[in-house]
Structure formats: structure tokens, C-alpha cells
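Have a look at the structure below, then the notes.
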Amino acid sequence: MTKVAAVITEVKASDAERRARAALKMGADLVELRLDYLRDLTPSVLRHLAASTGSRAIATLRSASQGGARSLPAQDRLSILSMLTRLNFHYVDLEMETDTAHIETLWHEAARRHQDIIVSHHFDTPVEVSDAADALEACLGMGDVGKVALPAANFEQACDLVELARNRRLQSRRFVLLGTDPIGMLTRVLAEDVGQEIQYSAFGQPSAPGQLGLETAARLARRTPVVLGLVGQPIGHSVSPQIHEAAFAAANLPAVYLPFEIQQESLEALLHAHDRLRLRGFNVTIPYKETVAEMVDELDGDAEALRAVNTVVMTEGWTKGHNTDTYGFRMALRSKGLRVGGKDALVVGAGGAAKAAVHVLLREGARVRVTNRTASRAESLVEAFDEPVDVVDAEDLPQDDVCDLLINATPVGMKGGPDGLPVPEASVAKAKFVFDLVYNPPETPLLRAAKRAGVPGISGIEMLLHQAAQSFELWTGIGPPFGAMEAAAREALG
Ligand code: NAP
């Protein structure tokens, strides 16, 4: 059984004790007291911490060379470690590299009090998996628990670390093997699944990259994990992690949503990682929506029509691609009571989002026109549909007719994207309703222009939420907790 440890990194001993008690109350099995963070590291402080929380604590004095907050002179370090092994701490962490000369003596001292010694080693840059395995063997040979932490070089290496942890030779041993970066989170979410001794989790600010929050770690404890995530490059701008994490918490599911910021070469390995990683599916974003559509075993109707996938569901190795952007767009229209049958819609943009919008609008019976900065791209988009769709030259927009629905499917107005309006302000005033697919910021320059002209409008947040809700349902088979998802999205978007 993997024990969930909340890492405590306070600088004052009284705060460390208070936070440790709070973490244990919140469901942590253990706390890791990071003594290297403490300013007042005196014998009486250590005795007090040992008496108050020691039986459920790991005492760690991480040295600076192993990622700690500070270094002590060798003699001071040794006298503190000797004291720790004579106090009532459940575990004491010793470093393979820093403490080599004293580990044996300290281990014997600890054994007399039934205390467990963790011998750890931290790599600060990626190394070969065989080097990590050697370091783990060395740590295991020196204490009760061996611990190795390292950043994974890429997705394949993170998978290899999971394989190493599953290795039969490790199954009867007490070990921790973890990746200290976003892709290395795989080793953390599968900690229980591969039989690791401890899940180090964040209580407040993470002390290492990729650490799960205590709440998530406690939700996963003693349960089979469901691994989901977002595949793309880049993905840092996405609020999908916050939306799905809130949904899993609200539904109390042992699920996690990981960032898979991977190279195209790694897609194949990801699609075959169902069993190894307990992967049940993932969302897909730029630039892989079309590529993944060509790689999955089956496509749903919308994904087939658009040859683009934003959600993959994996069932016993079978991969099915869905396009929940279309559902999101449809539901966003419905949520505002917009019936588009027989109405005139003008779509600005000719990328994936524009194609999804045109697809839905045509199916709902709208008359659709498309305009785009690069006219040839708009021409190719309309050729993909059997129904007639007109292309409007961007220069002709000022003379263009009134339209019932104006849709922005470009990144113009997006936070960090191109400034300004996707169409002239006069065209905004001629629309009866504006739908900006951009969701960050929630009020875009286009929506502000619409407001000035007295034209009602909505942002892309509704579409984003509905596509996320459908992905959630496809993966879990249960109704999405929409309110929790919406609150998380609004909080993340500020
Ligand atoms: P995409 O495939 O890269 O297409 C981008 C489109 O925007 C292209 O037509 C491009 O024109 C045009 N464009 C880019 N920069 C422009 C500029 N400075 N001025 C005028 N046109 C410009 O992207 P996508 O996947 O379709 O996404 C488009 C936007 O939709 C995203 O930025 C996102 O905000 C939004 N979106 C929202 C949701 C949601 O759930 N709410 C879902 C998907 C997308 P060219 O052909 O000339 O390059």
C-alpha cells in the first residue's frame, strides 16, 4: 500500500507543525518535514517536532547539491542526522551521495528504534534509465527504502521509468522512483499501481515539479487510477486541466488529467499505452487534431466528416476519435436559444474551429458564408463540404449585407494573440448576434465592440465547457458535474 505524504516546506517550526497537522487531517498518511527549509533548526525544535508528529513523519534534511533549500557544514549535518535517528520519526531520509560514509552507522542506530531509513538520490538532469536503475539498486542496498528522483527526457523515457518501477525484481522491495517534471507525473499517478512505498504530494506550493496536490493524491489512494490528459504542443495556455481536475474531484473519481506536451514521433507510443499507463483517453489540440484522426482505429460521425479529432477514448486497446468541438459549438448555440435554421451566418477564419462551426451550421440548416485573411484557405475549406458555402473576400466585408450570426473562429483578440477586431467595426454593428469562439479573455475586443453597437453576443467559454463535458462523459460514462467545471474555468480565466 502506497502511503500519501504531504511535503511541508515551512521556514518556522511552529508553522511546520501546524501545516503538518492540517495535512494529516486532510487525508495524508504521512508528512515529509523538509528540515532544510527550517530557519530554527535546534535540538529542542527537532525534539518537539518528533514528539508532535514524528510517528507519521519523514524527517528530511535535503542538501543543496540534492535540491535542498540550504547546506550545512558536514559535521553539523552529521550531528543533526544522528539526532534524527534517535528521535521518534517514522522515516529518516539519508542521501546516497552526501551521507555515504555514515549511512551504515546511522541505519544501525535507526533499526534499534524500528525507524525506517530512506536512502535517496536525486538527478537534476535526465539520465539513461539504466543509470536510474543502478542508482535505485544502490539506494536499496543501503537502507530500508530506496528512492530515486529524476526528470524524464521525454514521453518514452517516462514510460520506461514506469516499466522499471513495475519490474518484478522491485515488487518485493520498498522503493520510490519518480519523475520530477510534467511528463514524469506518470510515475507519480501510477505510484500505487506499481507498488511504490510513498507518494510525495504538494500541500500548497509544490516543492518539486510534477508533484500531485494532496487532494488529488488522497483521491487516488488505494484505487486503480484512470489516466487522461491533453496532447498537443504547446499546451500551457489551456484551461482544460483545471476544468477536468475540478470535474474528477466533484465526482470523486480516481482520475487525473496530465499534460502530454509531446513530439509527433511519440503519438504512436501514446496510442498504444492503454495498458501500461492505465490510459483511458485524452484530448487533442493544435497541431495534432488531423494527425490523430488518421491514427485512431475508429472515428465518430463528426470526426469522420471533419477528419479532425479532439477527444480519444481508449477501450481495451481500441482507440476511437471524437470531435466534441462540434457538440460544444452546437450546445453553446442552444444554451442561448439560438435557432440557426434558415438564418445567414458569417464565419471568420478557415482553420479547424471554423470548419467545425461550418459543419454544425450547415447541419442545422443555416446559410453559411466564410471569410478569411488568406482567401485560398477559405476556398479549400468550403470545397470540403457538399452543401454550397460562399466565400466573402475580406476587402468586401464593409459592403457586405446584414447577417444573423457573426462567428469569429480566428485567434484575433485572444490573450497573447493578435490584437484588434477580426472584421471591421461596421460589420460587427450589422450582425444580429456575435459568437466569439475565443474564450480567453472572457470579454474580447469583438464582444466589447458588439456591446457598443447594442448587439448581443457570447464568448467561446460555453463551447469550451460543453466540449469538455462531452469528453468527460465519453471517458467516464457518467454525467458531467457541469457547475464545478464552469466554476473552475471561470476561476482559471480570472
Ligand atoms: P487554426 O486552425 O490555426 O486557424 C486559425 C485561423 O485564424 C486561420 O483561418 C487564420 O487565417 C486566422 N488568423 C490567424 N491569425 C490571424 C490574424 N492575425 N488576422 C486574421 N486572421 C487570422 O486555429 P483553430 O483551431 O481554428 O482556432 C481558432 C481560434 O478558435 C482559436 O484561437 C481559439 O481561440 C478558438 N477556439 C475555441 C474553441 C472553444 O472551445 N471555444 C475551440 C477551438 C478553437 P490564415 O488562414 O490566413 O492563416
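The values are calculated or read from the model by the stated rules, or taken from the named source; none is laboratory data. None of these values were measured; they are calculated from a predicted model. Glycine gets a Cβ as well: all are built from the backbone with ideal geometry, and neighbour counts include every protein chain shown. Note: areas computed on protein heavy atoms with side chains; ligands, DNA, RNA excluded. Shrake-Rupley method; radii C 1.70, N 1.55, O 1.52, S 1.80 Å.
Residue count for segment 447-463 satisfying the condition of being open to solvent by less than 10 Å² (accessible area, probe 1.4 Å) and away from the ligand (no atom under 11 Å from the Cβ): 2.
Checked against (1) in a loop (DSSP other than H, G, I, E, B); (2) in contact (Cβ under 8 Å) with a residue 60 or more places away in the chain, E32 passes all but a single condition, namely (1).
When you check P398 against the structure, is it at pLDDT below 95, in contact with a Gly (Cβ under 9 Å, 6 or more places away or on another chain) and either open to solvent by 40 Å² or more (accessible area, probe 1.4 Å) or farther than 23 Å from V360 by Cβ (or both), yes or no? It would help to see each step written out before you state the result.
On the way: at pLDDT below 95: yes; in contact with a Gly (Cβ under 9 Å, 6 or more places away or on another chain): no; either open to solvent by 40 Å² or more (accessible area, probe 1.4 Å) or farther than 23 Å from V360 by Cβ (or both): yes.
Criteria not met by P398.
Once segment 162-192 is narrowed to residues that are open to solvent by 10 Å² or more (accessible area, probe 1.4 Å) and touching a Ser or Thr at 6+ places or on another chain (Cβ under 7 Å), the residue that is nearest to E32 (Cα to Cα) is L178.
The sole residue among L405, L437, L381 that is open to solvent by less than 50 Å² (accessible area, probe 1.4 Å), out of contact with any Cys (no Cβ under 6 Å at 6 or more places or on another chain), away from the ligand (no atom under 11 Å from the Cβ) and among the hydrophobic types (A, V, I, L, M, F, W, C) is L405. Checking P456, P388, P442, P424 one by one, the residue that is in contact with a Pro (Cβ under 9 Å, 6 or more places away or on another chain) and on the phi < 0 side of the Ramachandran plot is P424 and no other.
Run down S471, S427 and say which single residue is over 20 Å from Q399 (Cβ atoms) and more than 8 Å from the ligand (Cβ to nearest atom). S471 is the lone residue from the list that is over 20 Å from Q399 (Cβ atoms) and more than 8 Å from the ligand (Cβ to nearest atom). In the set (1) on the phi > 0 side of the Ramachandran plot; (2) touching a residue at least 40 places away in the same chain (Cβ under 8 Å); (3) more than 9 Å from the ligand (Cβ to nearest atom), the condition left unmet by G365 is number (2).
With respect to the conditions (1) closer than 25 Å to D124 by Cβ; (2) buried (at least 21 other Cβ atoms within 10 Å of the Cβ); (3) hydrophobic (A, V, I, L, M, F, W, C), A202 falls short on a single one, namely (2).
For T410, indicate whether it is open to solvent by 20 Å² or more (accessible area, probe 1.4 Å), modelled with pLDDT of 95 or more, closer than 14 Å to L346 by Cα and among the hydroxyl-bearing types (S, T, Y). Judged against the criteria, T410 is a match.
Tell me yes or no: at least one residue of segment 238-246 is open to solvent by 20 Å² or more (accessible area, probe 1.4 Å), in contact (Cβ under 8 Å) with a residue 12 or more places away in the chain, closer than 20 Å to T311 by Cβ and of a type in the set (S, T, N, Q). Yes, there is a match, as at least one residue in segment 238-246 is open to solvent by 20 Å² or more (accessible area, probe 1.4 Å), in contact (Cβ under 8 Å) with a residue 12 or more places away in the chain, closer than 20 Å to T311 by Cβ and of a type in the set (S, T, N, Q).
Tally up the residues in segment 368-378 that are more than 13 Å from the ligand (Cβ to nearest atom) and part of a helix (DSSP H, G or I), please.
We begin by selecting, within segment 368-378, every residue more than 13 Å from the ligand (Cβ to nearest atom); these are 368-369.
Then keep just the ones that are part of a helix (DSSP H, G or I); that gives none.
Going through segment 368-378 one residue at a time, the tally reaches 0.
Tallying residues that are in contact (Cβ under 8 Å) with a residue 40 or more places away in the chain, away from the ligand (no atom under 12 Å from the Cβ) and in a loop (DSSP other than H, G, I, E, B) within segment 321-352 yields 4. Within segment 286-309, identify whether any single residue is more than 16 Å from the ligand (Cβ to nearest atom) and basic (K, R), and answer yes or no. No, segment 286-309 has no match at all.
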